[in-house]
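One structure coming up, written as structure tokens, with questions to follow.
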């Protein structure tokens, strides 16, 4: 198949290009001019340049493509001005899906996030991981990133209802190689390696190998039911921060942080950090959206993707170890 990948220079996008190459697919990478293409090193692709908010550029990039993977997103937990985030995440999604449908793509895989799925239920100190049936309303969302992605997923669902061949995938917390920027999840690993995390919040994530996530994208194009969404996570990847840092301690020999920060203290720190960031223009040490997200354990159940798509299940320890190795080999770890 000839495939367009938007956001091809990002963490998921670059790994997806590698995976598509390995399966013999042709790739056209849709890139912004000046993109950091370190993650694409060693891949075979045709470059097309533009922005997902430019309908003409998107339409030109889609000519002759059989599949479209819309991975591009503005993924930040803090910005001085969030208008660009909504432009890329919401209107960009509308433009890409409508253009891919008009171009005759037989499959359009839209990359959403588990943040668009309802929170896990908790009772008697136990957390029951959420699945695709757990709905969340716009009013329940805190922070611009999750809200913009929720609105973008609503666009994808509406396009599917109108006949566009859309399959939605909801990655949990991918880790692994080629996290060049890095993503907020990758930064957790990198901060651990650089001893830049003296304390942690009592939260949790569903860790999954980025390789499994991008293979899940391809499986969604091959087998996914139109209009459905699939959590791309790991059945045993639901780890608290304390558990994740214990795994990193085993992998690296570095001591895990022992101090757990109370939520009110973290929230106050984020407020002060964002006030300072508005003055300096530099990203805050802690963002309000990140702290508010961390109030809940983001545990998810990927059984649907495992059963229907055959989603691979690389052990989370391997995912964390591969992320550590990549950061070490590419000069991210301070000596």
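State whether one or more residues within segment 257-266 are closer than 30 Å to residue 212 by Cβ, crowded, with 17+ Cβ neighbours inside 10 Å and more than 19 Å from the chain's Cα centre (by Cα).
Filtering segment 257-266 down to residues closer than 30 Å to residue 212 by Cβ leaves 257, 260.
When the remaining residues are screened for being crowded, with 17+ Cβ neighbours inside 10 Å, the result is 257.
This time we only want the ones that are more than 19 Å from the chain's Cα centre (by Cα), so: 257.
Yes, some residue in segment 257-266 is closer than 30 Å to residue 212 by Cβ, crowded, with 17+ Cβ neighbours inside 10 Å and more than 19 Å from the chain's Cα centre (by Cα).
What residue, of 172, 142, is touching a residue at least 24 places away in the same chain (Cβ under 8 Å), closer than 17 Å to residue 115 by Cα and out of contact with any strand residue (DSSP E or B) (no Cβ under 8 Å at 6 or more places or on another chain)?
Numbers: 172 fails: out of contact with any strand residue (DSSP E or B) (no Cβ under 8 Å at 6 or more places or on another chain).
That would be 142, the only listed residue that is touching a residue at least 24 places away in the same chain (Cβ under 8 Å), closer than 17 Å to residue 115 by Cα and out of contact with any strand residue (DSSP E or B) (no Cβ under 8 Å at 6 or more places or on another chain).
Turning to a different aspect of this structure: Tally the residues that are surrounded by 15 or more Cβ atoms within 10 Å (Cβ to Cβ) and either touching a strand residue (DSSP E or B) at 6+ places or on another chain (Cβ under 6 Å) or more than 22 Å from residue 120 (Cα to Cα) (or both), restricting the search to segment 284-303.
Counting residues in segment 284-303 that are surrounded by 15 or more Cβ atoms within 10 Å (Cβ to Cβ) and either touching a strand residue (DSSP E or B) at 6+ places or on another chain (Cβ under 6 Å) or more than 22 Å from residue 120 (Cα to Cα) (or both) gives 8.
Quick one: how many residues across segment 145-169 are crowded, with 20+ Cβ neighbours inside 10 Å, in a helix (DSSP H, G or I) and in contact (Cβ under 8 Å) with a residue 60 or more places away in the chain?
10
Another one. Determine, yes or no, whether residue 61 is surrounded by 16 or more Cβ atoms within 10 Å (Cβ to Cβ), out of contact with any helix residue (DSSP H, G or I) (no Cβ under 7 Å at 6 or more places or on another chain) and touching a residue at least 40 places away in the same chain (Cβ under 8 Å).
Details: surrounded by 16 or more Cβ atoms within 10 Å (Cβ to Cβ): yes; out of contact with any helix residue (DSSP H, G or I) (no Cβ under 7 Å at 6 or more places or on another chain): yes; touching a residue at least 40 places away in the same chain (Cβ under 8 Å): yes.
Here the answer is yes, as residue 61 does meet what is asked.
Consider segment 196-220. How many of its residues are more than 30 Å from residue 66 (Cβ to Cβ) and either in a helix (DSSP H, G or I) or without any contact (Cβ under 8 Å) to a residue 60 or more places away in the chain (or both)?
Within segment 196-220, the subset more than 30 Å from residue 66 (Cβ to Cβ) is 196-207.
Among the residues that remain, those that are also either in a helix (DSSP H, G or I) or without any contact (Cβ under 8 Å) to a residue 60 or more places away in the chain (or both) are: 196.
Residues in segment 196-220 being more than 30 Å from residue 66 (Cβ to Cβ) and either in a helix (DSSP H, G or I) or without any contact (Cβ under 8 Å) to a residue 60 or more places away in the chain (or both): 1 in total.
Further, regarding this structure: Condition first: surrounded by fewer than 15 Cβ atoms within 10 Å (Cβ to Cβ) and under 18 Å from the mean Cα position of the chain (by Cα). Now tell me which residues in segment 313-333 satisfy that.
Correct list: empty.
Out of everything in segment 176-191 that is under 15 Å from residue 75 (Cα atoms) and in contact (Cβ under 8 Å) with a residue 60 or more places away in the chain, what residue ends up being surrounded by the fewest Cβ atoms within 10 Å (Cβ to Cβ)?
181
Are there any helices (runs of 4 or more DSSP H) wholly within segment 258-314 with 3 or more residues that are closer than 19 Å to residue 76 by Cβ and modelled with pLDDT of 80 or more, and if so which? Let's see the steps before the verdict.
Numbers: elements: 263-280, 288-294, 303-309.
Fully inside segment 258-314 and qualifying: 263-280.
Got a sec? Which of 49, 69 is in contact with a helix residue (DSSP H, G or I) (Cβ under 9 Å, 6 or more places away or on another chain) and either within 30 Å of residue 275 (Cα to Cα) or crowded, with 24+ Cβ neighbours inside 10 Å (or both)? Quick ask: steps written out before the conclusion?
Values: 49 fails: either within 30 Å of residue 275 (Cα to Cα) or crowded, with 24+ Cβ neighbours inside 10 Å (or both).
Every option except 69 fails the conditions.
Sort out which residues of segment 209-219 are within 14 Å of residue 230 (Cα to Cα) and either in contact with a helix residue (DSSP H, G or I) (Cβ under 7 Å, 6 or more places away or on another chain) or surrounded by fewer than 22 Cβ atoms within 10 Å (Cβ to Cβ) (or both), and write them in order of number.
The initial filter retains those residues of segment 209-219 that are within 14 Å of residue 230 (Cα to Cα), namely 212-219.
Selection gives 213, 214, 215, 216, 217, 218, 219.
The values are calculated or read from the model by the stated rules, or taken from the named source; none is laboratory data. Predicted model, so just to flag it, every value in this text is computed and none were measured. Heads up, the Cβs are rebuilt from the backbone with ideal geometry, glycines too, and the neighbour counts pull from every protein chain shown.
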